[in-house]
Amino acid sequence: MRLPVYLDYAATTPADPRVVAVLNQHLGQDGVFGNPSSTIHAFGRAAARAVETARTHVATLLGADPGEIVWTSGATEANNLALLGVMRAHVRKGRHLITSKTEHKAVLDVCRRLEREGCAITYLDPNPDGSIPLERIAAALRPDTVLVSLMHVNNETGVTQDLAAIGALVRNHGALLHVDASQSAGKLPFDLQTLPVDLLSLSAHKLYGPKGIGALVVRRRPVRVRLEPLLYGGGQERGLRAGTLPVHQIVAMGEACRIARVEMEAEQARIRGLRDRLWQGLTVLGAVALNGDPEQNVAGILNISFAGIAAEALLDALPNIALATGSACNSASHEPSHVLRAMGCDAMRMRGAVRFSLGRFTAVEEIDYVIDAAAAAVIRLRELSPVWETRRGRLKSRAVDWAAP
Ligand SMILES: *Cc1c(COP(=O)(O)O)cnc(C)c1O
């Protein structure tokens with residue numbers, strides 16, 4: 001077993017060796033390195049063909065049309081393009097957008113920008129289990145609502161939203177639905193042929209592709225989604241995203257999506273088994289709470305709080321295990337997670353929240369190592385904790401509510 005153990009797949013995944021091989025074939029002099037716009041010669045045409053094959057792989061994974069894929073630098077850019085692009089293109093229709101308080105910063109920070117541009121944003125509260133109730137979305141829809149933006153799988157808790165029901169509601173109202181699917185693409189099966197989603201953001205490095213590449217799916221059916229580009233230049237990607245296409249990144253993302261489509265089902269079943277084993281192994285400690293929904297979730301993410309313990313202290317005690325407190329973007333600032341806060345977690349539960357995220361290369365020996373090491377550390381830290389009464393093995397403070405949601 002290799003140490004340290006990597007259990008931070010929700011922050012990024014290592015590229016699959018098959019993806020790395022394809023990437024390497026599209027970079028150097030002996031590979032397909034041409035500019036896909038230079039179709040006047042064979043180098044450019046070979047590159048253009050490789051890009052279109054990759055586009056087909058990405059589209060096939062999602063049930064989209066290849067012509068609906070717009071390459072971006074990642075999900076952050078895809079979210080920016082979706083929200084800014086749609087709101088700026090629909091000023092005459094309306095200026096209202098609905099999202100939730102548990103979105104990624106790559107949506108929430110764009111919403112702040114849109115507010116400065118004069119848009120009205122509704123930030124929905126989730127249920128304590130992280131789900132966004134349909135009635136709350138329905139109540140927030142207005143005649144001037146242009147766009148609803150909700151993530152499929154939450155990156156901190158793994159909670160999934162019911163896209164079919166949400167999409168039907170939004171479409172029926174005549175608004176557009178954007179979905180950040182960074183944490184679900186290649187993990188949960190979904191089919192845009194039937195799913196009423198108009199725009200969908202993807203990131204390659206969350207599904208065993210390289211960093212720095214992603215895509216925005218811009219649907220053409222049933223309505224052709226209009227959006228203003230963020231970048232102007234060479235007119236690539238039908239004018240929606242200018243810039244020379246990074247062929248090596250694109251083919252790598254295509255290969256990652258091709259592999260995901262073939263292997264997703266068996267892989268997710270295996271990962272779910274490991275995640276459940278980890279949860280079973282840690283709940284025997286007692287006073288452990290699951291942050292999220294025990295049923296509606298993606299296999300690879302387990303967010304839990306250990307009563308009486310600060311997450312940072314636990315991570316410090318486990319130098320051989322790569323874990324996250326809250327989300328990676330927040331952990332530098334030591335701000336409590338905005339996601340757990342929105343779900344109504346109390347301060348101690350937020351402070352004690354640790355995210356374990358598993359993936360393709362996680363082995364059962366690693367999970368058993370993590371259970372043993374984490375259990376020993378939790379017991380040791382609780383002995384030092386002022387809120388934990390070791391003799392009775394329970395919390396001193398009765399004010400803390402540790403009932404799982
Ligand atoms: C990782 C992630 C992003 C950002 O993706 P990048 O490709 O790194 O820009 C956005 N949304 C969610 C839900 C993510 O998990």
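The values are calculated or read from the model by the stated rules, or taken from the named source; none is laboratory data. Not measured: the values here are computed from a predicted model. We place every Cβ from the backbone using ideal geometry, glycine too, and count neighbours over all the protein chains shown. For the accessible areas, the whole protein counts, side chains as well, though only heavy atoms, and no ligand, DNA or RNA atoms are used. Shrake-Rupley method; radii C 1.70, N 1.55, O 1.52, S 1.80 Å.
Under 7 Å between Cβ atoms, which residue pairs at least 6 apart in sequence (or on different chains) link something in segment 12-25 that is closer than 12 Å to residue 359 by Cβ with a partner that is of a type in the set (A, V, I, L, M, F, W, C) and not in a helix (DSSP H, G or I)? Filtered contacts from segment 12-25: 13/207; 14/361.
The set of residues in segment 28-50 being in contact (Cβ under 8 Å) with a residue 40 or more places away in the chain and farther than 10 Å from residue 247 by Cβ consists of 37 alone.
Taking only segment 63-84 into account, find how many residues are over 19 Å from residue 245 (Cβ atoms) and within 16 Å of the ligand (Cβ to nearest atom). Before the answer, list the steps.
Filtering segment 63-84 down to residues over 19 Å from residue 245 (Cβ atoms) leaves 63, 79, 82-84.
Next, from what is left, pick out any that are within 16 Å of the ligand (Cβ to nearest atom): 79, 82-84.
Adding up the residues that qualify gives 4.
Consider residue 355 carefully, then state whether it is assigned to a strand (DSSP E or B), at pLDDT 95 or above and under 25 Å from residue 1 (Cβ atoms). Judged against the criteria, residue 355 is a match.
Go through the residues of segment 296-303 one by one and say whether even a single one is within 22 Å of residue 185 (Cα to Cα), of a type outside the set (A, V, I, L, M), in contact (Cβ under 8 Å) with a residue 40 or more places away in the chain and surrounded by fewer than 21 Cβ atoms within 10 Å (Cβ to Cβ).
Of segment 296-303, the ones within 22 Å of residue 185 (Cα to Cα) are 296-303.
Those left that are additionally of a type outside the set (A, V, I, L, M): 296-297, 300, 303.
Okay, now just the ones that are also in contact (Cβ under 8 Å) with a residue 40 or more places away in the chain, so 296-297, 300, 303.
Among the residues that remain, those that are also surrounded by fewer than 21 Cβ atoms within 10 Å (Cβ to Cβ) are: 296.
Yes, that holds for at least one residue.
Scanning for something β-branched (Val, Ile, Thr) and open to solvent by 40 Å² or more (accessible area, probe 1.4 Å), does segment 200-219 turn up at least one residue? No, segment 200-219 contains no residue that is β-branched (Val, Ile, Thr) and open to solvent by 40 Å² or more (accessible area, probe 1.4 Å). Which residues, counting only those in segment 4-22, are within 16 Å of the ligand (Cβ to nearest atom), closer than 30 Å to residue 47 by Cβ and not polar (S, T, N, Q)? Within segment 4-22, 14, 15, 19 meet the criteria. Exactly one residue out of 130, 118, 158 is at positive phi, more than 16 Å from the ligand (Cβ to nearest atom) and either open to solvent by 20 Å² or more (accessible area, probe 1.4 Å) or in the same structural domain as residue 190 (by TED's automatic domain parsing) (or both), and it is 118. Against the conditions (1) part of a loop (DSSP other than H, G, I, E, B); (2) more than 23 Å from residue 145 (Cβ to Cβ); (3) among the β-branched types (Val, Ile, Thr), residue 223 satisfies every one except (2). The residues listed here are 235, 243; of these, the one that is assigned by TED's automatic domain parsing to the domain that holds residue 151 and without any contact (Cβ under 8 Å) to a residue 12 or more places away in the chain is 235.
Selection over segment 347-371 of residues that are open to solvent by 50 Å² or more (accessible area, probe 1.4 Å) and in contact (Cβ under 8 Å) with a residue 12 or more places away in the chain gives a count of 6.
So, residue 252, is that one open to solvent by less than 10 Å² (accessible area, probe 1.4 Å) and over 23 Å from residue 352 (Cβ atoms) or not? So that I can check it myself, show each step before the final result.
Values: open to solvent by less than 10 Å² (accessible area, probe 1.4 Å): yes; over 23 Å from residue 352 (Cβ atoms): yes.
Yes: the conditions hold for residue 252.
Taking every residue in segment 158-185 that is free of Cβ contacts under 8 Å to residues at least 40 places away in the same chain and farther than 19 Å from residue 104 by Cα and pairing it with any residue that is surrounded by fewer than 23 Cβ atoms within 10 Å (Cβ to Cβ) and of a type in the set (Gly, Ala, Ser), at least 6 positions away or on another chain, the pairs with Cβ-Cβ distances below 7 Å are 169/138.
Considering (1) surrounded by fewer than 19 Cβ atoms within 10 Å (Cβ to Cβ); (2) assigned to a helix (DSSP H, G or I); (3) touching a Gly at 6+ places or on another chain (Cβ under 7 Å), the lone condition that residue 270 does not fulfil carries the number (3).
May I ask you to verify whether residue 204 is touching a Pro at 6+ places or on another chain (Cβ under 9 Å) and away from the ligand (no atom under 16 Å from the Cβ)? In short, no. Within segment 65-115, the set of residues being part of a loop (DSSP other than H, G, I, E, B) and of a type outside the set (Gly, Ala, Ser) comprises 65, 90, 91, 92, 93, 95, 101, 102, 103, 104.
For segment 97-113, the tally of residues that are buried (at least 22 other Cβ atoms within 10 Å of the Cβ) and either more than 16 Å from the ligand (Cβ to nearest atom) or free of Cβ contacts under 8 Å to residues at least 24 places away in the same chain (or both) stands at 2.
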